[in-house]
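The values are calculated or read from the model by the stated rules, or taken from the named source; none is laboratory data. Please read these numbers as outputs of a predicted model, since none were measured by experiment. So basically every Cβ, Gly included, is an ideal-geometry build from the backbone, and we count neighbours across all protein chains shown.
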Amino acid sequence: MANRNVGTLAEMVSNDFTWEIIGVKTITGKDEFLKAVEVAKSDEIAHFTLETAIGHGKNASANGT
């Protein structure tokens, strides 16, 4: 995500993807997610911490800052 490779992200995200940014907004669906990544391309990422990632089959959950 930090390098904003939209092609790779598109391959990894399902159509029923949901990203809840606590207290800010919820992004629902692959298309909305990819649009959000495109918009964020101009933003500089100062720091990214992935604290927990849990995967099981085709489902996954992650949290961090």
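Considering the conditions (1) modelled with pLDDT under 80; (2) touching a strand residue (DSSP E or B) at 6+ places or on another chain (Cβ under 9 Å), Asp43 is excluded by exactly one of them, (2).
The number of residues in the stretch 47-64 being surrounded by 10 or more Cβ atoms within 10 Å (Cβ to Cβ) and either within 15 Å of Glu20 (Cβ to Cβ) or modelled with pLDDT of 80 or more (or both) comes to 4. The residue pairs whose first member lies in the stretch 1-28 and is modelled with pLDDT under 90, whose second member is aromatic (Phe, Trp, Tyr) and in a loop (DSSP other than H, G, I, E, B), and whose beta carbons are closer than 6 Å, counting only pairs six or more residues apart or on different chains, are Ala2/Phe48.
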